[in-house]
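Below is one structure, written out as C-alpha cells; comments come after it.
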Amino acid sequence: MTDFKTSSTTIVNIPSQHPFRYMEKVFENFKNKCAAIDNLLVVYCHGHGSLENNKLMWAANRNQENGRSISPMLEWSAFQTGFESAALDVLILLDCCNSAASVRSSPIRDDGTIETIAVCGFDRVTSAGASSFSAMLVQVLRGSAVSSQRILR
C-alpha cells in the first residue's frame, strides 16, 4: 500500500454574491489540479443542511435574519453532478443536518470513483461539538499521527 501525503489544504470562504458560480469555479480548479493518476480530492463540508423539495441545501452556518438564512445557500446535488464528470477519485464528507439527502447513485466510470460519507440521515439533525463526526474524525486522525499507526492497512 502506498503512503498518503497531503499536497494542499484550502479553506474557501463563500461570498454572498453569486455563491454557486463562485464555488463552481473553485471546484473546477480543484478538479483540474487533481486530475492526475493516484490523486484523491477530498471535499469536506461542515455546516448547516436543510431540505427544499427533497434536495439538500447547504450553508456554512445557520445565521438568520427575520427567519431567513443570511449565509449563502447552495444546492448540493448540482456540485455532485460536477464531480461525476471529473476524471479522478473524489471523497465527499458532508457533516451537516440532512446530509443523507445528498446520496444518489453515480454512473459507473473507468476514470475515477466518487464516494460520499453523509454523517446524518435524511430529514435528521446531527450533533455538534465534541460528539460531532468532525471532532471524532480529527481525534482518530491525530491519534493515528501521534502513534505512527496506519489507519488503512
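Considering region 80-112, and only residues there that are among the polar types (S, T, N, Q) and at pLDDT 80 or above, the residue that is farthest from the chain's Cα centre (by Cα) turns out to be Asn98. Based on this model, can you work out whether Val42 counts as modelled with pLDDT of 80 or more and closer than 22 Å to Ala135 by Cβ? Considered against the rule, which asks whether it is modelled with pLDDT of 80 or more and closer than 22 Å to Ala135 by Cβ, Val42 comes out as yes. Each residue in region 76-92 was checked for being open to solvent by 20 Å² or more (accessible area, probe 1.4 Å) and either among the basic types (Lys, Arg) or within 9 Å of Ile117 (Cα to Cα) (or both), and 1 of them qualify. For region 11-28, the set of residues classified as touching a residue at least 40 places away in the same chain (Cβ under 8 Å), open to solvent by 40 Å² or more (accessible area, probe 1.4 Å) and among the aromatic types (Phe, Trp, Tyr) consists of Phe20 only.
The values are calculated or read from the model by the stated rules, or taken from the named source; none is laboratory data. Just so you know, these numbers come straight off a predicted model, no measurement behind them. When we count neighbours, we look across all protein chains shown, and the Cβ atoms used for this are built from the backbone with ideal geometry, even at glycine. These accessible areas exclude ligands, DNA and RNA; they are computed on the full protein's heavy atoms, side chains included. Shrake-Rupley method; radii C 1.70, N 1.55, O 1.52, S 1.80 Å.
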